[in-house]
Amino acid sequence: MAAQYAENADDRPWAVAPFWQLERTERPRKLSADAKCDTVVVGAGATGLSTALALASRQKVIVVDAKRLAEGSSGWNAGILSLATTLDSSAVENSIGEERTRALSFFLQDSILQMKSTTGLQTPDWQTGSSLYTAARKSHIPLLKQEGEARHKYGLQTSFLQQGHLDKAKLGFCAALELSGEHAVHPAKLAVGMSSAVGRAGGQVCEDSPVDAWRHDGEKFLVSCNGNTIEAQNLVVCPGSGSALFREVTDAANFCIPVVSHILVTEPSDKIAEFVKETHRIAMWDSLRLYHYVRYLPSGRVLVGGEESPGVIPPTVLGADDPNIQRLYDWARRHHKVPLPPIEHCWKASLMLPADGLPFLQLRRFNESLLIGAITDGIPFAFVLGRVIAGLIEDLKHPLSEIFSRRRAMPADARLLSLLPSAPAIRKPALNLAFAAMRLGDLIS
């Protein structure tokens, strides 16, 4: 039975971060009748759509989302598809070993290139080039060299740049790794492209279709949505920050740190546009500041992100006078010797950071049916996660399934985090303390 849709008369643009907004070319569809499928996916973010894409050519898939495409964290991020910056190759190797790190590196690269081909996005919506992983202090240079050696081991093209090279690039750092084969994408257009590809493969994506209940009855899941019922053998849940309806996601979230991140985008600059065209550089990361980064757009705009704090909030548009935005802008100005243009857009949004940086999968079996909960940070991991989930559903053991499993060996801080009560009165002070400790580590490193 094919899903039926009702058209919504609301013609508002994509409700995503102000810089990424798109005018809709077709009206959103929501589930309007009972339906049957092999797998129902809850959440039309990067992970949910990636899962649907990996399955849709071989089985009937329906994706449902409580909101519109890209209205969650998948549409409020910076769109950087980096292989190793927020999570270093050397750190991953120490955590999961050389063989598994090699597999992870391969599937990250392969998934990014496959998604580029699948969605058909081209420059300026999909950038390909290099990123800089910069040493903010001379004491950080040995760490960058160690990371460079690890990247070479896994076939990731990397060059070490001395201060003289950075002076020519008009960047105020003492050294850097130049990371080749990096990508960045327009996140809202990515969501649209992935959704269209799901449709071409025979799947269906339903917006404005929140799940209000579910149960397993015999050999099928019955998912209630908009007063209608979807009957499916398998249920995949990846709603981003979680849902109280699904223990598989809330349990995994106990191993994650909810983070509020701030982003600004400047007005266009001819000098920045010329810099991007000449160097094919798309991003820059700072070794000192927790998760501070820059993305250079072909239009000559500069996107800057960072100023994290623990917490969960709805995505929010900000004014340029917001103190966190001002600190980000001042940080970016200090490290660029070319004048940065004025701020044009800025916002803040929540994301979930797994404590060890790797995605989480939790699986529950109901006879011949599977319920899989998934949570991750970063679009590249979402691409890989979708393929891993599809492998589990099709009973094909994926090399990364054990790495992403909640049963994997966890570092002590992640285990401690999972033991904290979920009550905000206890958990929030602990997360604030953890952030304070990380910032202190930055200052004394």
Given unit charges at Cβ for Lys, Arg (+) and Asp, Glu (-), the dipole magnitude of the chain about its Cα centre in debye, nearest 20, is 580
The simple spin-label model distance between residue 25 and residue 217, using points 7 Å out along Cα→Cβ, in nm, is 4.0
Stretched fully, the stretch from residue 277 through residue 153 gains (0.36 nm per residue minus C-alpha distance, one decimal, in nm) 41.7 nm
Could you tell me which residue out of 96, 107, 135 lies farthest along the dipole of region 95-147 toward its positive end? Charges go on the beta carbon: Lys and Arg +1, Asp and Glu -1, centred on the Cα centre.
135
Nitroxide proxy distance, nm - points 7 Å out along Cα→Cβ at residue 200 and residue 368:
3.3
Dividing the helical contributions, -39500 (n - 2.57) per DSSP H run of n ≥ 4, by the residues of the chain yields a 222 nm value, nearest 500 deg cm²/dmol, of -10500 deg cm²/dmol
Under 5 Å from the placed amide H of residue 174, counting only residues 5+ away or on other chains, we find 135
Excluding residues on the same chain fewer than 8 positions from residue 60, give the lysines whose Cα lies under 18 Å from its Cα.
30, 36, 220
For the chain, what number results from the quotient of the Cα radius of gyration and 2.2 N^0.38 Å?
0.96
Selected from 40, 16, 335, residue furthest toward positive end of dipole (the chain; charges at beta carbon)
335
³J(HN,Hα) across region 292-298 via Karplus (A = 6.51, B = -1.76, C = 1.60, θ = phi - 60°), whole Hz, x for Gly/Pro?
7, 8, 10, 10, 9, 9, x
Under a Cβ-only charge scheme (Lys and Arg +1, Asp and Glu -1), can you give me the dipole magnitude of region 81-211 about the Cα centre, in debye to the nearest 20?
320
Taking 0.36 nm per residue of separation and subtracting the Cα-Cα distance, what length does fully extending residue 405 through residue 267 add?
45.4 nm
So which of 138/277; 153/348; 138/271; 189/428 end up more than 31 Å apart, counting from Cα to Cα?
153/348; 189/428
Inter-centroid distance (Cα atoms) of region 25-102 relative to region 336-406, Å
7
Signed unit charges on C-beta, dipole axis of the chain, positive-most listed residue 150, 81, 433:
150
Linear extension gain, residue 436 paired with residue 327, 0.36 nm per residue minus alpha-carbon span:
37.5 nm
Residue 33-residue 428 FRET efficiency (beta carbon distance; Förster radius 51 Å; 0.05 resolution):
0.75
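Quick note: the coordinates plus some simple rules give every number you see, no bench work behind them. As the structure is a prediction and not an experimental result, all values here were calculated from the model. FYI the Cβ positions are ideal-geometry reconstructions off the backbone, even for glycines, and counts take in every protein chain you see.
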